[in-house]
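Each remark here refers to the structure printed beneath this line.
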Amino acid sequence: MRGGVSERFKETVLKTVISERVSRVRISPPPQKNMDIIEEIRNFVENECRKPESKYGYEPFTFHFIPMVAYADKLTDKLGGDKEIILISAWLHDIGSIIYGREDHHITGALIAEEKLKSLDYPDEKIELVKKCIRNHRGSCPSEMNSIEEQIIAEADVMSNFDNLPGIFKAALVYEGLGQGEAKESVRKKLERKWEQLRFDDSKAMIRPKYEAVILLLK
Ligand SMILES: [Fe+2]
């Protein structure tokens, strides 16, 4: 079950740490009233990816964030939802992973988003919607996704795997240390699981040619 005692405790501890770090690392002055909040958030994420201490370097910005945001944008056009909430959540959904690493990045990410958006005077009720999208975006951490915004963020995250074959191979070959045969098998199985996770016909229609191509190549 999500939201148990240990998770709440973890969240309290992380909130203190993150609050200190985000205020310390803020690199841009508060925006002008009319500055585009989505652009501001995109720049914040890109700057965090560029920092030498970024956990996975700059590559995730190019190979994960950009396609993921593009899918979130396209899905919103097809399925509806609040585009501002969706695009802000899409840019921020993995910020916890960039700053602190993958473990609990749905929790750290939501807290970083809260700090950052508060510093930009973003309305509290909208911050809560963004936090829900980030907290519930991980397929590996089952959660109840109630809003279309939450579902689109989780869906776009899954879809983006099909645009990042080199990154999935890198994880298998470099981070997991698999041999080429094992890596090929592992990548194919991972993408088969990702395909099964897709919940909307519109996303399946968008991804199907890439899925079929990759399975053909990796069988
Ligand atoms: Fe992601």
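So the values come out like this:
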read-out	value
Any hit, region 106-126, residues being within 12 Å of the ligand (Cβ to nearest atom) and under 12 Å from the mean Cα position of the chain (by Cα)	yes
Qualifying positions in region 47-62 - in a helix (DSSP H, G or I) and either within 13 Å of the ligand (Cβ to nearest atom) or surrounded by fewer than 16 Cβ atoms within 10 Å (Cβ to Cβ) (or both)	ASN47, CYS49, ARG50, GLU59, PRO60, PHE61, THR62
Near pairs, Cβ below 8 angstrom, 6+ apart or cross-chain, from region 63-76 (within 11 Å of the ligand (Cβ to nearest atom) and part of a helix (DSSP H, G or I)) to any residue that is hydroxyl-bearing (Ser, Thr, Tyr) and modelled with pLDDT of 95 or more	HIS64/SER160; PRO67/SER160; MET68/SER160; TYR71/SER160; TYR71/SER203; ALA72/SER89
Scan of region 141-166 for residues that are more than 12 Å from the ligand (Cβ to nearest atom) and in contact with a Phe, Trp or Tyr (Cβ under 9 Å, 6 or more places away or on another chain), ordered by number	GLN151, ILE152, PHE162, PRO166
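Yes or no, residue by residue, for (1) within 20 Å of GLU40 (Cα to Cα); (2) small (Gly, Ala, Ser):
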{"position": "THR62", "(1), (2)": "yes, no"}
{"position": "PHE65", "(1), (2)": "yes, no"}
{"position": "GLY80", "(1), (2)": "no, yes"}
{"position": "ILE86", "(1), (2)": "yes, no"}
{"position": "TRP91", "(1), (2)": "yes, no"}
{"position": "ILE95", "(1), (2)": "yes, no"}
{"position": "TYR100", "(1), (2)": "no, no"}
{"position": "HIS105", "(1), (2)": "no, no"}
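The values are calculated or read from the model by the stated rules, or taken from the named source; none is laboratory data. From a predicted model like this one, the values you see are computed outputs, not experimental measurements. As a convention, Cβ positions derive from the backbone with ideal geometry for all residues, glycine included, and neighbour counts pool all protein chains shown.
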